[in-house]
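**Student:** Here it is, the structure, as structure tokens.
The values are calculated or read from the model by the stated rules, or taken from the named source; none is laboratory data. On a predicted model such as this, the values are computed, not experimentally measured, just so you know. Glycine gets a Cβ as well: all are built from the backbone with ideal geometry, and neighbour counts include every protein chain shown.
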Amino acid sequence: MLKNDLILRNPIRLLAPNGKDMLPDGGFGAITARAGVGKTAFLVQIALNSQLEGKNVLHISLEDPVKKVDLWYKEVFRLLAEQYHVQQINQLWETILPHRFIMTFRAESFSVPVFDERLSGLIDQGIFSPQMVIIDGLSFEPPDRDLLTGLKLSRRRITSGAGSLSAPTGTKHRMETAFRLPCHRSSICSKRRSSFSRPARKSMFFL
């Protein structure tokens, strides 16, 4: 009941045509905007909504350490729960936590082969099998179409054509993307943070 309350009241649902998924099955998308407009908070809110629905979310950060990403989730979750007067917040948090896995990389070391290797390792070893993957802090200046195409093909290989995207976000200098894969448990990985530069104009694209 607690989960349903937050799912049904989450304003993110208003952005989805069917009230559920922001992008169709197999979709891939990104939102870009200047620094400080709330892209990461938006992404985290979408991820939390997926967790509440029992879907597994892999959050990859190219800028922030695991602890900072975790704080984003805790803060956004707390604000949502308080806004809608949801009781037993701690209990609800513990039930959705297993549906999230945080992994961090140095921005300069991130690539499609690295992504493939780490994600395949998580799935093959039965550690975590995501239904949504979020990449936060991916450089998008200049636009790297090869990288984006590679990520999309990577998702297709891992899902064998299944999968689906459910949410995105980013900057012209810092891009957050998301797409959905298959399913199961949770844990946490680490590494470090990076930085991003001057403001950029807002835009959106879907591949």
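**Student:** Would you confirm whether any residue within region 27-47 is assigned to a strand (DSSP E or B) and under 13 Å from MET132 (Cα atoms)?
**Tutor:** Yes - at least one qualifying residue is present in region 27-47.
**Student:** Same structure again: Among all residue pairs at least 6 apart or on different chains, which show Cβ distances below 8 Å where the first residue, located in region 54-71, is within 17 Å of PHE42 (Cβ to Cβ) and in a strand (DSSP E or B) and the second is at pLDDT below 90 and polar (S, T, N, Q)?
**Tutor:** VAL57/SER50; VAL57/GLN131
**Student:** Return the total of residues in region 88-134 being surrounded by 15 or more Cβ atoms within 10 Å (Cβ to Cβ) and in contact with a strand residue (DSSP E or B) (Cβ under 8 Å, 6 or more places away or on another chain).
**Tutor:** Qualifying residue count for the region: 19.
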